[in-house]
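**Q** Mind having a look at this structure? Questions to follow.
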Amino acid sequence: MAAPGRPIRVVFFGGPYLQPGAQRFVALLEAHPDIDLVLGLCEGHGSGLRHRWANLWQRRGILAVPVRTFELIEECRQFLRRPREWLALRRLAARALEKFLTVPDLHAPVVLARLRVLAPDLGVIYGGPILKAELFDLPAQGTLGIHHGRVPQYRGKKTTFWEMYNGETGAGVTIQRVSAGLDRGDIVRHGAVEIGRKGYGRVWREVEERGCGLFIDAVLDVQAGRARFTPQPATRGPLYRQPSAGELLRFWWRRRLRRPQAGTRP
């Protein structure tokens with residue numbers, strides 16, 4: 001718990017670039033009067049568009065093109081739906097990013113030494129690499145992370161996609177305390193959005209928005225000393241991976257078949 005009467009001091013851990021959801025979360029951190037974002041650390045070899053594309057291509061190959069196209073389309077949609085909110089969040093994110101550094105290794109001794117001097121109350125991770133205990137245990141209250149999926153049923157990568165692919169009725173999001181083991185930490189907050197006949201883009205957008213709200217609530221729970229850390233059930237679901245091109249095509253075809261035909265009721 002942070003000292004009474006002052007905001008909780010938070011350090012952010014991320015990957016080589018901030019995806020739209022992470023930018024939204026950073027903006028919300030920056031805006032809240034009870035949260036002091038003292039530093040942001042991203043692990044990568046540089047910042048800017050060139051490094052972003054290089055990293056995306058390294059991870060996704062030719063699929064980097066549709067992935068980035070999807071991100072741009074979603075950003076345009078959000079601007080058109082709520083332009084004032086979108087612009088306000090962009091301004092807050094830009095202000096927060098002035099506190100960010102990109103480093104080759106989040107676990108480097110110089111990084112750990114700087115964090116010890118800062119003595120943050122809490123760490124938060126959104127879209128970053130797997131952290132080691134020497135880093136996630138360094139903040140006084142540990143580190144929280146967001147996972148887009150229900151745990152322990154959906155661990156690993158692209159779990160919103162896999163929840164839809166497997167025909168689940170809802171797509172989950174979990175805020176957990178980071179610990180050893182992938183997506184195995186104690187649960188702090190969790191929620192879900194209904195899938196129904198929605199397209200993937202809409203479900204993903206709603207999951208991100210729901211997740212950002214839950215993440216802020218979890219940070220404030222820690223700040224107020226009311227956070228509850230619930231261990232995950234002992235049963236383990238499969239560890240999901242990036243979908244293949246064939247699985248993406250099958251998913252697209254299944255969703256297409258589920259759409260109501262013209263002149264029929266959904």
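**Q** For THR102, enumerate residues with amide H under 5 Å from its amide H, sequence gap 5+ or separate chain, H modeled in the peptide plane.
**A** CYS42
**Q** Sticking with this one: What are the ³J(HN,Hα) couplings of the range 167-182, residue after residue, when phi is run through the Karplus curve with 6.51, -1.76, 1.60 and θ = phi - 60°? Round to Hz, x for glycine and proline.
**A** Residue by residue, the range 167-182 yields x, 5, 7, x, 10, x, 8, 10, 9, 9, 7, 5, 8, 5, x, 6 Hz.
**Q** Round to the nearest 0.05 the FRET efficiency obtained for ALA108 and SER244 when R0 = 25 Å and r is the Cβ-Cβ distance. Each step should come with its number before you reach the end.
**A** Details: r = 35 Å, r/R0 = 1.39.
In this case the efficiency is close to 0.10.
**Q** Working from Cα positions, state the angle (0 to 90°, nearest 10) between the long axis of helix 49-60 and the longest principal axis of the chain.
**A** Taking the Cα atoms of the chain, the angle to 49-60 is about 60 degrees.
**Q** Nearest 20 debye, what's the magnitude of the dipole of the chain about its Cα centre given +1 on Lys and Arg Cβ and -1 on Asp and Glu Cβ?
**A** Result for the chain is approximately 1140 debye, rounded to the nearest 20.
**Q** Where the centre of each part is set by its Cα atoms, how far does the range 55-127 sit from the range 201-240, in angstrom?
**A** 18 Å
**Q** What is the angle, in °, between the Cα long axis of helix 83-97 and the longest principal axis of the Cα atoms in the chain? Nearest 10 is fine, range 0 to 90.
**A** 40 degrees
**Q** Connecting C-alpha atoms closer than 10 Å in a GNM of the chain, tell me which of PRO120, PRO243, PRO139 has the biggest fluctuation.
**A** PRO243
**Q** What is the spin-label model distance, in nm, from PHE70 to ALA119 if the labels are put 7 Å beyond Cα along the C-beta direction?
**A** 4.4 nm
**Q** Scan around THR143 for amide H atoms under 5 Å from its own, H built in the peptide plane at 1.01 Å from N, and keep only partners 5 or more places away or cross-chain.
**A** Amide H neighbours of THR143, under 5 Å, 5+ apart: GLY123, VAL178.
**Q** What's the FRET efficiency of LYS99 with LYS132 using the Cβ-Cβ distance as r and R₀ = 35 Å, to the nearest 0.05? Each step should come with its number before you reach the end.
**A** Numbers: r = 23 Å, r/R0 = 0.66.
The value I calculate is 0.95.
**Q** Another one. Among TRP86, TRP252, TRP204, rank each residue by its count of other Cβ atoms within 10 Å, from fewest to most, as a rough exposure measure.
**A** Numbers: TRP86 17, TRP252 12, TRP204 22.
Result, fewest neighbours first: TRP252, TRP86, TRP204.
**Q** Could you estimate the translational diffusion coefficient of the chain from the Stokes-Einstein equation, with Rh from the Kirkwood formula over C-alpha pairs, at 4 °C and 1.567 mPa s, in whole µm²/s?
**A** Details: Rh = 19.5 Å.
This corresponds to a translational diffusion coefficient of 66 µm²/s.
**Q** With everything on Cα atoms, drop me the angle between helix 245-258 and the longest principal axis of the chain, reported from 0 to 90° to the nearest 10.
**A** Tilt of helix 245-258: around 60 degrees.
The numbers here are math on the coordinates, done by the rules we state, and not lab data. Model, not experiment: these values are computed from the prediction. Cβ coordinates were reconstructed from backbone atoms using ideal geometry, including for glycine residues, and neighbour counts include every protein chain displayed.
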